[in-house]
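Okay, structure first, notes after.
The values are calculated or read from the model by the stated rules, or taken from the named source; none is laboratory data. Keep in mind that this is a model prediction, so the values were computed, not measured. Glycine gets a Cβ as well: all are built from the backbone with ideal geometry, and neighbour counts include every protein chain shown. The protein model used for the area step is the full one, side chains on, heavy atoms only, and it has no ligands, DNA or RNA in it. Shrake-Rupley method; radii C 1.70, N 1.55, O 1.52, S 1.80 Å.
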Amino acid sequence: MNKKWGIAIIMCLALCAFNIATEHIFEVPKNWPKPTYNSNKNPLTKEKVELGRELFYDPILSKNNLISCASCHSPYTAFTHVDHDLSHGIDDRIGTRNSPALMNLAWHHLYMWDGAINHLDMQALAPISHPDEMGEKIESVVLKLQHSKKYSKLFLKAYGDTVVTGEHTLKAISQFMLTLISANSKYDSVMRKQSHFTEQESKGYQLFKQHCASCHTEPLFTHTGFENNGLPIDSTLNDIGRMRITKNPQDSLKFKVPTLRNIEFSFPYMHDGRFKKISDVLKHYTSGIVHSKTLAKSLQQPILLSSNDKVDLTTFLLTLTDKVFLFNPKHSFPKK
Amino acid sequence: MVMRKFIWMFCVLVTHNFLFSQQDKLVFHPTFFNQTLKPEVYYKLNAKDSIQITSFKFYVSQLELLNGRETVWKEQSSFHLIDAFDEKTIVLSVPSNITFTKIKFQIGIDSLTNVSGAMGGDLDPTKGMYWTWQSGYINFKLEGNSNLCKTRHNEFQFHLGGYQQPFNCLQTVFVQVKSKANVTLNMDVAKLLLYIQLSELNHIMSPSKEAVELSGKITETFSVSYE
């Protein structure tokens, strides 16, 4: 009888351990909405995430084997490309937009500044194929991976099959990107009642809720939709944003609202990286708005902020820095 | 006694499987007017032009058989990439023990599948039928050369696709069949090229009004013959 109980207890413990192990790969932060990404169709496993991480940091995805995803999405800068307004790719070719920061991607339904990509699985295809980014074809990537001993092993571990397919390659990259969750900033600990805002941060939070939150909605700090935020048109780019995809004039000059999480590290700002500092961004919203037919509703009335307000608001924005996320060894370059 | 019952059951199952596994062929046969279309052979639409086709691929999905108005068979996860110049891909199978008067299928990929992420088999994005700069399957691809096109190497390229309104290019095809024998669906590319006016329009590469219009003409290229 005792033996039976013993076995039952061991089995229960094993089951719990298994549950804990799978939960830790992808955990929805407390009080967050349900993710948009349906992980039932691509269940996360440690091995698949690891394969995805190897692929993310491997220049094998580019035509000349020199550019990896991380070239423009560095982990230490919230997975974006700092120091460049327009990001550059293969052969130092310069693109037309600033690479977006990557985090909390499971909660988005469209990707890229213009929403060209409709699913996280398909996202990697765009930079891989773009002549100014990685200049490669997914067909060739699959062939290169197929001929690599390292990847045969990793695909076998992840999928139980050494045959590399486009589907498995893309889904593994998705799995790694899904694990890039930022929810451990000071703001988050205040929301979880584990710490307190300073008086200045608190004032800044009130200003944020009043002036910014309708587009940069909590807890993602983006409503994940598209808006025209009144930027003057850069005549060297003439980027019409979302309208390029929908061909609908109502979408003219609309770009995806970026998250403000880790804003301290994700400079330069805007789709074309035109602003280097947070103060430049605040100046735009208080005195630089260009009115046009598609201007966001929330920007129709001027935003008035004193210089003290701007300092308070900036102090709040810095509470969105998540060092646990930025320096998480699970997100960084895989060790040999 | 039990053994006898078991053997009897076994026989029933085997016969059942045999009957239901009998397959008829459904063949997609590309033509240029009445000739079988071959790659890199020059054909004439009119006296002045000459046209060759280098690539002709399309998706056939949601294959169904109907008897009158009633659906009598529906293929499960029905997605086929047909490469007109690859004989392995042009033959589909339908069950032979079913009476039907109509074949129904779609040319292209439905909108739900288009937004469902990475998929394998014929839907794998390595098949060259997926746009990379903007998500979505290319439903129908026709490429070639003609002296009518004032382009580099006289090329023309028609990549038809788009799953969102107002540029949804998905086409539903109904074909009436008379005989129960193997069915051949002829697809006359010449009909499509006559509609296009190659001297004016030589490429479509994104979801657009032009893509929707041309997609609407694909259904008119079909005719039926029997083996």
Those trypsin sites (Lys or Arg not before Pro) from the stretch A:153-262 that are DSSP loop and have at most 12 other Cβ neighbours within 10 Å turn out to be A:Lys193
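Across peptide A:159-167, what mean number of C-beta atoms from other chains lies inside 10 Å of a residue's C-beta?
Working: counts 0, 0, 0, 0, 0, 1, 7, 9, 9.
Shielding by partners across A:159-167 averages 3.
With a cut-off of at most 11 other beta carbons within 10 Å, and DSSP calling the residue loop, which trypsin sites (Lys or Arg not before Pro) in the stretch B:133-172 qualify? Please list them. Before the final figure, lay out each step's value.
Values: sites: B:Lys141, B:Lys150, B:Arg152; in loops: B:Lys150.
The qualifying sites are B:Lys150.
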If you add up the charges near A:Gly204, with Lys and Arg at +1 and Asp and Glu at -1, over every other residue whose beta carbon is less than 11 angstrom from its beta carbon, what do you get? -1
All other residues with a Cβ under 12 Å from the Cβ of A:Val49 taken together, and with Lys, Arg as +1 and Asp, Glu as -1, what is their net charge? +3
On Cα atoms only, tilt of A:46-56 relative to the major axis of chain A in degrees: 50 degrees
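Arrange the residues B:Thr113, B:Thr219 by how much accessible surface each exposes, largest first, with a 1.4 angstrom probe.
On the way: B:Thr113 15, B:Thr219 45 Å².
Final ranking, largest accessible area leading: B:Thr219, B:Thr113.
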Over 24 Å (Cα to Cα) among A:Lys144/A:Lys335; A:Lys63/B:Lys209; A:Lys171/B:Lys88; A:Lys193/A:Lys256; A:Lys277/A:Lys323; B:Lys57/B:Lys178 -> A:Lys63/B:Lys209; A:Lys171/B:Lys88; A:Lys193/A:Lys256; B:Lys57/B:Lys178
So what's the gap between the Cα centers of the stretch B:139-202 and the stretch B:19-53, to the nearest angstrom? 12 Å
Probe 1.4 Å, protein heavy atoms only: A and B together bury a total accessible area in Å², to the nearest 100, of 1700 Å²
HN-Hα couplings for the stretch A:100-111 via Karplus (6.51, -1.76, 1.60; θ = phi - 60°), in whole Hz with x for Gly/Pro, come out as x, 5, 10, 6, 6, 6, 5, 9, 9, 10, 10, 10
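Please report, in whole Å³, the volume per residue of the convex hull around the C-alpha atoms of the stretch A:46-182.
Values: hull volume 13.8 nm³, N = 137.
Here the figure is 100 Å³ per residue.
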When averaged across all projection directions, what area in nm² does the alpha-carbon convex hull of chain B cover? 15.7 nm²
With runs of 4+ DSSP H residues as the only contributors, calculate the mean residue ellipticity of chain A at 222 nm using -39,500 (n - 2.57) per run, divided by the residue total and rounded to the nearest 500. -11000 deg cm²/dmol
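Sort B:Phe174, A:Phe208 from largest to smallest accessible area, using a 1.4 Å probe on the heavy atoms of the protein chains.
Numbers: B:Phe174 120, A:Phe208 0 Å².
Listed by decreasing accessible area, they come as B:Phe174, A:Phe208.
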Surface accessible to a 1.4 Å probe, per residue, for the residues of chain B, Å²: 52 Å²
Compute the signed sum of charges (Lys and Arg +1, Asp and Glu -1) over the other residues within less than 14 Å, Cβ to Cβ, of A:Pro249. +4
Largest first, how would A:Met177, B:Met205 line up by accessible area (1.4 Å probe)? B:Met205, A:Met177
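Can I get the semi-axes of the protein assembly as shown's equivalent ellipsoid? Compute them from the C-alpha gyration tensor as square roots of 5 times the eigenvalues, in angstrom, largest first.
Value: 48, 35, 22 Å, ordered largest first.
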For the stretch B:26-226, with all protein chains present and a 1.4 Å probe, just round the carbon and sulfur fraction of the accessible area to a whole percent. 49 percent
Enumerate the calculated ³J(HN,Hα) couplings along the stretch A:287-303 in order (Karplus 6.51 cos²θ - 1.76 cosθ + 1.60, θ = phi - 60°), each rounded to whole Hz, writing x wherever the residue is Gly or Pro. 9, x, 5, 9, 7, 8, 4, 9, 3, 3, 4, 5, 10, 5, 8, x, 8
Calculate, for A:Val28 and A:Ser298, the FRET efficiency according to 1/(1 + (r/R0)^6) with r their C-beta to C-beta distance and R0 22 Å; round to the nearest 0.05. 0.20
Report Rg(Cα)/(2.2 N^0.38 Å) for the stretch A:186-323, keeping two decimals. 1.08
Using alpha-carbon coordinates alone, the radius of gyration and Dmax of chain A in Å work out to 21.8, 81
Take the solvent-accessible surface of the protein heavy atoms, probe 1.4 Å, and return the percent of it on the stretch A:186-323 that carbon and sulfur atoms account for. 55 percent
